[in-house]
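Please treat every number below as a calculation from the coordinates, not as lab data. In this text, all values refer to a predicted model and were calculated from it rather than measured experimentally. Glycine also receives a Cβ, built like all others from the backbone with ideal geometry; neighbour counts cover every protein chain displayed.
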Amino acid sequence: MISDRMVEVLRLLQDSDESTDLFDVSAAGADALAVDGLAVSLVTAAGTSELVCCSDESTRRFEDLQFTLGEGPGPDALRTGALVWVPDLAKVRAQDWPALAMEAPALSARAVFCFPMTIGAIKVGVLTAVRRTPGPLTSQQGDDALILAAALTARCLGSGEPRLDPPDPAGSPHSLLHAVVHQATGMLSVQLALPLPQALLRLRAHAYSSGRSITDISQDVVDRRLRLDHNGNGDGTPPTVVEKD
């Protein structure tokens, strides 16, 4: 049975007519579920997920970490189409997510709950709930989150855009929070003559080794403050710019 607070969130979702209003929906949803943050990721045409809405900075940092590592409950929920609940990130097993297990003790996020946004075999995205204290969701919170995930799925499918083709223009209804990563990946692909997947791996490796978010590293690449070599190392030397008449 749905709670009264989630009914209000669903009304807000129904009344909103622009995807930019998803921020308000995610913030209200986090309050209704008694979690610290909610994030909504949608599936791209390439089968990966893109963060399109995040209600708070702590959740955003966790989503950035998953994106950097390429592993975690979110990617697993997207891949399997199953619920992935982690009531205590400090107890993550190394064999499940080796890199995340190493990073977990330093995270402000202590519990993560991922709800796939699917209809049948169609994968639309993932709704992620993050809390700063460990512990499971109540049955009511779980039911409410499932209903919200289903409503978001219907909303995305109803918009005619269940899949995204990154990068979208900044400021568009589906502007991607990781758009700068795609821009940096393209630049690095050209600079190092690498396929796009390998260029993204270079960015991820440098972000992980430097202890910075992949978004910050990508912004440095795009702003030409950082140039990476074939080993993913940064020498701080801006790339050579060839000006043409």
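One table, with the values for the structure above:
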{"read-out": "Between segment 72-112 and segment 115-150, the Cα center-to-center distance that results, in Å", "value": "15"}
{"read-out": "Net charge contributed by nearby residues that have their C-beta within less than 15 Å of L201 (K/R +1, D/E -1)", "value": "0"}
{"read-out": "Sparsely packed trypsin sites (Lys or Arg not before Pro) within segment 65-141, loop by DSSP, other Cβ within 10 Å at most 14", "value": "R93"}
{"read-out": "Interchain or long-range residues, amide H under 5 Å from G37's placed H", "value": "V130"}
{"read-out": "Inter-probe distance in nm under a simple model that places probes 7 Å from Cα toward Cβ, at L157 and D4", "value": "3.2"}
{"read-out": "Amide H contacts of I119 (H built 1.01 Å from N, under 5 Å, at least 5 apart or other chain)", "value": "V124"}
{"read-out": "Highest to lowest packing among 210-217, 68-75, scored as the average C-beta count within 10 Å", "value": "68-75, 210-217"}
{"read-out": "Tail fraction, Cα-Cα pairs, segment 179-222, threshold 13 Å, whole percent", "value": "42"}
{"read-out": "Distance between modelled label sites at D223 and K91, nm, 7 Å Cα→Cβ extension", "value": "4.2"}
{"read-out": "Karplus-derived 3J(HN,Hα), 6.51/-1.76/1.60, for each residue of segment 25-31, Hz, glycine and proline x", "value": "5, 5, 5, 5, x, 4, 5"}
